[in-house]
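Participant: Have a look at this one before I ask anything.
The values are calculated or read from the model by the stated rules, or taken from the named source; none is laboratory data. These numbers were taken from a predicted model, which means no experiment stands behind them. With ideal geometry, Cβ positions are generated from the backbone for all residues, glycine too; neighbour counts draw on all protein chains shown. Ligands, DNA and RNA are stripped out before the accessible areas are found, and what is left, the full protein with its side chains, is counted by its heavy atoms. Shrake-Rupley method; radii C 1.70, N 1.55, O 1.52, S 1.80 Å.
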Amino acid sequence: MRIDPTENLIFDTQVDTKKIFVPMKHSFKLRDYINTEGKSPIILHVTQSQKRERIPMDLFIDPKLWDRKKGFAKEITKAGIDINLILQNTESKITEIKTIYRLSGIHLTLEKFLEEFNNTSPRTDFISFFKYQLELD
């Protein structure tokens, strides 16, 4: 029995054209709005397949202390350092969600990402997992 090398190429092409794993990008940005204290809210922009979601981070910063290129606060003040710690923690949560889905072979859609991001991690805490399952039903 002889194995035809073109048979594998056809399979590879079929898998590649399905685009099972569509990349998801995220960045932190400031809104143009400035409140009475002179600060702008920080929001998380998540995009996938020309869909965009904006998630408010409930953090406010003076626009002069924001580095637009890096998407983080300038670490001039203690508040800037604290904001960067929160944003880095958020990035690690995003990376954890993406990693779990990628290693499980499950397609991560924007809707699933938002659900995972906004809820506590039910994978690590049984009680929160059980409450989450009860809310779904």
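Participant: Looking only at residues in segment 25-46 that are touching a residue at least 40 places away in the same chain (Cβ under 8 Å) and not aromatic (F, W, Y), which one is surrounded by the fewest Cβ atoms within 10 Å (Cβ to Cβ)?
Facilitator: S27
Participant: Let me ask you something else. Are any residues in segment 99-119 in a helix (DSSP H, G or I) and within 30 Å of K39 (Cβ to Cβ), and if so, which ones?
Facilitator: Within segment 99-119, L110, F113, L114, E115, E116, F117, N118 qualify.
Participant: Oh, and also: Looking only at residues in segment 47-93 that are under 17 Å from L114 (Cα atoms) and either in a helix (DSSP H, G or I) or hydrophobic (A, V, I, L, M, F, W, C) (or both), which one is least open to solvent (accessible area, probe 1.4 Å)?
Facilitator: Initially, segment 47-93 is screened for residues under 17 Å from L114 (Cα atoms), giving 47-58, 87, 89-93.
Going one step further and asking which of them are either in a helix (DSSP H, G or I) or hydrophobic (A, V, I, L, M, F, W, C) (or both), we end up with 55, 57, 87, 89-93.
On the way: I55: 18, M57: 30, L87: 0, N89: 100, T90: 17, E91: 60, S92: 61, K93: 77 Å².
So, considering only residues that are under 17 Å from L114 (Cα atoms) and either in a helix (DSSP H, G or I) or hydrophobic (A, V, I, L, M, F, W, C) (or both), the one least open to solvent (accessible area, probe 1.4 Å) is L87.
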